[in-house]
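The values are calculated or read from the model by the stated rules, or taken from the named source; none is laboratory data. None of these values were measured; they are calculated from a predicted model. When we count neighbours, we look across all protein chains shown, and the Cβ atoms used for this are built from the backbone with ideal geometry, even at glycine.
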Amino acid sequence: MNRPKMNRPGIRAYAATTAIATLAALALSACNGPWNMEPAAGDGDPKLWISMLLVAERPLDTLWVERPLRLDRKADPAAPFVDPAASYVSVVEPESGDTLRFRPVPGRAAAWTAEDTAYRVKRGARYLLDARLRWNAAREFPSGSEWKTETLTAETKVPAAYALDSLAQAPVEALHPALAVGLPAALAVRARIDAAFRKSLYDRLDAIPNAGSLASRGVDEEAFTAYLAGKTVYRPLRREDTLHFIFDPAPSRDNAGNVLMRYALPLLLTQRVDTRDFGGLILSQRFDSARARIVDPMLKGIFASFGADLDSAALYQRGAIRPMTVMGAYTSGMRGYPDTLRVGNLQWGYTGRNVLRAYAVDPQYYQYYKGLIGSGAEGGGGLGGGSSRPQNVLRYSNVANGEGFFAGAVADSFAVNIRALRDTVAVSALREVWLKDQAN
């Protein structure tokens, strides 16, 4: 396998990489989804920020109570700003009458956890936030002292239904290693015009050991002929099945006449939503940090355009979860959505087991997110699309007397095992280069 060079890029390439990373960080830092983000910062009137997602059939997650800081102040996660002796935080399920109390986490000033660890959030249930907090609202916090008591309330309804089907549709290029890297042009041209040679080529690909035969993946000779003709062909894929990362840059045309590079073709997932309480999706990816990062054709092209070697330190991602996108209930750039979810080949990024996690959120969360990023776009990047339709870009929060969100969600996931025949680098090697870079 070809390995990207482990060195630093030139000034222009590094500036481009930094700009891209900065834009991505700004977009994602605005999204307090299933990953915890840093406290917000600003010079406005201090308000407490609430962040909580109640995920159906799961224990109550951490409830974050944060306060803004001046831009010139550095956050200290242990610096107390709430007086717990004079405060309480609870979540109420009015239909059952349950009151679920929260307590502060020692050493984490912003984190509160539920006392009842056995409780599970209910689908379709309504929940109320009830909090009374005595907190230090001084602009000069932590050096200043100005204590006030605030009552914060909010309401949400957890969506009643959401699920990803166990069967997806994958482009045939992702189902066989030879198709994933692309057939040699001369072979493809000859196979298109010579039926006997096409049959021979199909039989040879079908018999490659350990590759998984074309026939076993539902790719018969008719589908193979359509693939050679440049048509987009899909076949079923089950959870935990194997996908080959697509590197082929050849164009592919679907039935509607749309053309994509084969390496940009998406995996199609059917999702069942109740549109009455579906506000949108938060998508994230859990990857295998013990495997390898895929240097996809798009990323290679960005660096090549600057005439620089690949910056391995910039490719390293800490942890094993990365956010993918946030999108609303409507996205003009995704045909068939929300019934069909498209996850592009370029989105995966890592070999090994990858788990797409989808959180179907209530409408309040997406309104909060859209107002917070202030773009008015229909999607938060990655998989979404934009349009010229007027959008609400006013900052929105359903937390009375505060900021942030108190929202409900239903989650599901779809796992695939990714293989890549080239252009990979071990995550451990990226981490080593990143650590050396941080030390300089």
The one condition in (1) under 18 Å from the mean Cα position of the chain (by Cα); (2) surrounded by 20 or more Cβ atoms within 10 Å (Cβ to Cβ); (3) at pLDDT 85 or above that ASP277 fails to fulfil: (1)
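Table: residues versus (1) more than 30 Å from LEU69 (Cβ to Cβ); (2) assigned by TED's automatic domain parsing to the domain that holds ALA79; (3) in contact (Cβ under 8 Å) with a residue 24 or more places away in the chain.
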residue	(1), (2), (3)
TYR127	no, yes, yes
GLY144	no, yes, no
THR149	no, yes, yes
ASP165	yes, no, yes
LEU175	yes, no, yes
ALA191	yes, no, yes
ALA196	yes, no, no
ASP206	yes, no, no
ALA215	yes, no, no
Single match in ALA290, ALA250, ALA304 (criterion: surrounded by fewer than 17 Cβ atoms within 10 Å (Cβ to Cβ) and in contact with a Lys or Arg (Cβ under 8 Å, 6 or more places away or on another chain)): ALA250
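Could you check how many residues of the stretch 66-101 are aliphatic (A, V, I, L, M), within 13 Å of TRP112 (Cβ to Cβ) and modelled with pLDDT of 95 or more? Before you say what the answer is, go through the steps one by one.
Quick first cut of the stretch 66-101, residues aliphatic (A, V, I, L, M) only: 69, 71, 75, 78-79, 82, 85-86, 89, 91-92, 100.
Add one more test, that the residue is within 13 Å of TRP112 (Cβ to Cβ), and what stays is 82, 89, 91, 100.
Now drop any that are not modelled with pLDDT of 95 or more, which leaves 89, 91, 100.
Summing the residues that are aliphatic (A, V, I, L, M), within 13 Å of TRP112 (Cβ to Cβ) and modelled with pLDDT of 95 or more in the stretch 66-101 gives 3.
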Residue match in the stretch 247-265 (condition: assigned to a loop (DSSP other than H, G, I, E, B), under 30 Å from PRO363 (Cα atoms) and either touching a Gly at 6+ places or on another chain (Cβ under 9 Å) or not hydroxyl-bearing (Ser, Thr, Tyr) (or both)): yes
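Do we find a residue being part of a strand (DSSP E or B), in the same structural domain as MET327 (by TED's automatic domain parsing) and at pLDDT 95 or above anywhere in the stretch 360-381? So that I can check it myself, show each step before the final result.
Taking the stretch 360-381 as the starting set, the residues that turn out to be part of a strand (DSSP E or B) are 360-361, 379.
Pick out the ones that are also in the same structural domain as MET327 (by TED's automatic domain parsing) and you get 360-361, 379.
Now restrict to residues that are at pLDDT 95 or above: 360-361.
Yes; the residues of the stretch 360-381 include at least one that is part of a strand (DSSP E or B), in the same structural domain as MET327 (by TED's automatic domain parsing) and at pLDDT 95 or above.
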In the stretch 37-65, residue modelled with the lowest pLDDT [restricted to those that are more than 28 Å from the chain's Cα centre (by Cα) and among the acidic types (Asp, Glu)]: ASP43
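Inside the stretch 278-300, can you point out the residues that are in a strand (DSSP E or B) and either among the aliphatic types (A, V, I, L, M) or farther than 26 Å from THR340 by Cα (or both)?
If the condition is that a residue be in a strand (DSSP E or B) and either among the aliphatic types (A, V, I, L, M) or farther than 26 Å from THR340 by Cα (or both), then LEU281, ILE282, LEU283, ALA292, ARG293, ILE294 are the ones that fit.
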Search result, residues across the stretch 229-244 that are within 19 Å of ALA191 (Cβ to Cβ) and in a loop (DSSP other than H, G, I, E, B): ALA229, GLY230, THR232, VAL233
